[in-house]
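Everything on this sheet refers to the single structure shown next.
The values are calculated or read from the model by the stated rules, or taken from the named source; none is laboratory data. What you are looking at is a predicted structure, and each value in this text was computed from that prediction instead of being measured. A quick note on method: Cβ atoms are made from the backbone with ideal geometry, for glycine too, and the neighbour counts reach across all protein chains shown.
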There are 2 protein chains.
Amino acid sequence: MPPAPTDTSSRHAQPVVIDLNAAIVQVADDSPLILVVRPENGDADVWDALPFGPFDPLQHRTMDIGLRAWVREQTQIELGYVEQLYTFGDRGRHALEKMGDGDHIVSVGYLALTRGNDEHAGVSWRDWYQYFPWEDWRDGRPDIIDRVILPLLQEWVSREPASTNEELSRGRRRDRARLTFGIDGGHWDEENVLERFELLYEAGLVREAGRDGRPNAVAHERGSAPQLGLPMQFDHRRILATAMSRLRAKLKYRPVVFELMPDTFTLFELQRAGEALLGVHVHKQNFRRLVEKAGLVEKTGRMSTATGGRPAELFRFRREVFNERPAPGLKLAPSRSRANT
Amino acid sequence: MPPAPTDTSSRHAQPVVIDLNAAIVQVADDSPLILVVRPENGDADVWDALPFGPFDPLQHRTMDIGLRAWVREQTQIELGYVEQLYTFGDRGRHALEKMGDGDHIVSVGYLALTRGNDEHAGVSWRDWYQYFPWEDWRDGRPDIIDRVILPLLQEWVSREPASTNEELSRGRRRDRARLTFGIDGGHWDEENVLERFELLYEAGLVREAGRDGRPNAVAHERGSAPQLGLPMQFDHRRILATAMSRLRAKLKYRPVVFELMPDTFTLFELQRAGEALLGVHVHKQNFRRLVEKAGLVEKTGRMSTATGGRPAELFRFRREVFNERPAPGLKLAPSRSRANT
DNA sequence: CTTGCTTGTACTCATTTTGAGCAAAAGCAA
DNA sequence: TTGCTTTTGCTCAAAATGAGTACAAGCAAG
């Protein structure tokens, strides 16, 4: 077998430790829930964290296996769908407060889906919109956007440094705000969760931004820092944002919702789950047309009477789609009008 | 600032070394080229490798920066677009031949795009279809598929173990072959580069599969192992497959082709570049309708006479699209008929 | 300097897909 | 029965898509 062609002289680079972070998602009662580790003593100064654990290549052949192992240990949860998100060297630029020169940590973010699971010592499920209140448009445009975010972003836009290196960057801040938050004429794209969070971070509007020396100008001027969603430890809210973006995108071209659904469900329940994740409403009749035409579900013959109106047929996921064609997802297009729930 | 909530008792996990692997792509003369490191002495037994280098968190703040640094050093190339692909613990299951228990390597794959660049000591540009001959459908279905791959896959399908754990896995192999290679009735999806490579790997049909003890049954029975594309060192061909999949997908929803184009170009040149990457042909008139309607390009007023027929207008990329809407890509749908080139 | 060859560019047209609304069906409760 | 609620079936216009036809504009050979 051939030897490595490039010389490996610089192979004795700083050894690092690998950390696996998991955004574990569940949907219950129309709410997307995320598993977080919370301070035992209810200390409000201690922020929530995503569960994480080390990766030991000696014990586990792959990182996926390692992830499943410590999640099982820490939380008793057996993960279903698992997908790698992104790897940050030294937790990316969202560095933690201060660490010795000794331990360098590379963290790998994961998205994992699971069906209904109860709480367990030390961990709890939280609606992910508590961390991202501006991402839930199911009851119309969240007013935290107009009340808090936009004014603060305006300030940030107007503080744009006069001369920047890059020629084209004039009005760059304004453009980014318009694109990500869809203000004046722009369109809200529910997939841009990460872009929006990064914008808020750069603008110094989220609590986490205070840590790495970024001047939280706006907040300080006002004396009272606005709280834009609950903060999380390290760069965990960023990882959660990545997970949300990825999941919202994937939903549309791969049948991942079903990983979050019980065995049987009504079409409307399925729709609600999708909407919970996307944070928008879709047109009901078109939704069922889509799902049925795509052959994603099949009737069970049984009915659900818990609807409050006409009983609904219970469906189940057609696993066969995997063997038929490159399995599609729910091409959910948010409905403009809120007419048809 | 808050301390980590989960106990970090197991923090002294095996330290590892981080390797960054880059799939650096360029398009020239209708060929997608990939930068590889080749044996100095022309030794045929030494396989090509992707350029790679270590990541040292002490020297570089982020992995992207580290990547750019050693690429510049090793190859004099200044990378433009860079995107992280995937991280393998211990190079994933495609382990290298044998390594001491000491050094555990985690490798992070990257996709990078660059405009025309010349060769340089130790590295050279190769058409990526040399590694994946079955992926180029521009001159119709490549006959390596019918001549070599399908017969071998048939054998593999028929060798499917009679009783497997999973209930549903009867005929699993047949289904996978049908889905990924689009045989009998299936549809060829040019994005499934990785899935196809993994299938061939599992079936023991690529040279790399021999290394990790997988019985290369078919090849051995026949005495002459068929060569399905050029092999690469380690799991580099897998990384390249990942890069191709990602790039082919991204092309359709983000304006990444332009990272590979010269300053000005004709619409047909743009089309050829897209086709080279996708490995399929698209309908010419519809292509220009798409590109112009999407506002991706603008006229320069100048003409190109190098067309061989009527001179073509020269266009340039409209950078403003980035500031207008979530910048779109070329929703290239392969044309069924090969009528309109 | 006209004919033929090649490629660019402008339109057209049928089919599908998409977004949105109307209306009947089927349960429950007053 | 009469409302009220939700499910489900269907229609319809607008937009997007796939595939042509036709003509324009250069070059080269005769």
Among the candidates B:Ile24, B:Ile65, residue that is modelled with pLDDT of 90 or more and surrounded by fewer than 21 Cβ atoms within 10 Å (Cβ to Cβ):
B:Ile65
Of these, B:Arg325, B:Arg238, which one is within 15 Å of DNA strand D (Cβ to nearest atom), in contact with a His (Cβ under 8 Å, 6 or more places away or on another chain) and within 14 Å of another protein chain (Cβ to nearest Cβ)?
B:Arg325
Of a type in the set (Gly, Ala, Ser) and either touching a residue at least 40 places away in the same chain (Cβ under 8 Å) or at positive phi (or both), is that true of A:Gly309?
no
Hey, does segment A:292-308 have a residue that's surrounded by 20 or more Cβ atoms within 10 Å (Cβ to Cβ) and either among the charged types (D, E, K, R) or over 27 Å from A:Asn192 (Cβ atoms) (or both)?
yes
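Suppose the filter is away from chain B (no Cβ under 14 Å), of a type outside the set (Val, Ile, Thr), over 16 Å from A:Leu330 (Cβ atoms) and within 13 Å of DNA strand D (Cβ to nearest atom); does A:Arg272 pass it? Step through it out loud before you land on a result.
On the way: away from chain B (no Cβ under 14 Å): yes; of a type outside the set (Val, Ile, Thr): yes; over 16 Å from A:Leu330 (Cβ atoms): no; within 13 Å of DNA strand D (Cβ to nearest atom): yes.
Against the criterion (away from chain B (no Cβ under 14 Å), of a type outside the set (Val, Ile, Thr), over 16 Å from A:Leu330 (Cβ atoms) and within 13 Å of DNA strand D (Cβ to nearest atom)), A:Arg272 does not qualify.
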Determine if segment A:255-269 includes at least one residue that is within 16 Å of DNA strand D (Cβ to nearest atom), of a type outside the set (Gly, Ala, Ser), without any contact (Cβ under 8 Å) to a residue 40 or more places away in the chain and surrounded by fewer than 16 Cβ atoms within 10 Å (Cβ to Cβ).
no
Search result, residues across segment A:292-311 that are within 12 Å of DNA strand C (Cβ to nearest atom) and either within 28 Å of the chain's Cα centre (by Cα) or closer than 22 Å to A:Pro32 by Cα (or both)
A:Ala294, A:Ala306, A:Thr307
Test set (1) over 30 Å from B:Tyr131 (Cβ atoms); (2) at pLDDT 95 or above - B:Ala294 fails condition number
(2)
Filter segment B:244-269 for residues that are over 13 Å from B:Tyr131 (Cα atoms), more than 13 Å from chain A (Cβ to nearest Cβ) and aliphatic (A, V, I, L, M); the one that is nearest to DNA strand C (Cβ to nearest atom) is B:Leu267
Give A:Leu332, A:Leu314 a once-over and let me know the one that is within 10 Å of DNA strand C (Cβ to nearest atom), at negative phi and either in contact (Cβ under 8 Å) with a residue 12 or more places away in the chain or in a helix (DSSP H, G or I) (or both).
A:Leu332
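Of all residues in segment A:158-181, count the ones that are modelled with pLDDT of 85 or more and not polar (S, T, N, Q).
Residues meeting the conditions: 8.
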Selection count where residues are surrounded by 19 or more Cβ atoms within 10 Å (Cβ to Cβ) and more than 7 Å from chain A (Cβ to nearest Cβ), scope segment B:32-50
7
Output the number of residues of segment B:246-287 satisfying the condition of being in a loop (DSSP other than H, G, I, E, B) and more than 17 Å from B:Gly80 (Cβ to Cβ).
7
Quick check: is even one residue across segment B:36-46 modelled with pLDDT of 90 or more and hydrophobic (A, V, I, L, M, F, W, C)?
yes
Result of the Cβ filter at 7 Å on segment A:282-296, keeping first residues that are near DNA strand D (Cβ under 7 Å from one of its atoms) and partners that are in a helix (DSSP H, G or I) and at pLDDT 95 or above, at least 6 apart or interchain, is A:Lys284/A:Gln271; A:Arg288/A:Leu267
Which one of A:Leu111, A:Leu79, A:Leu85 is farther than 17 Å from A:His236 by Cβ, at pLDDT 90 or above, in contact with a Lys or Arg (Cβ under 7 Å, 6 or more places away or on another chain) and not in a helix (DSSP H, G or I)?
A:Leu79
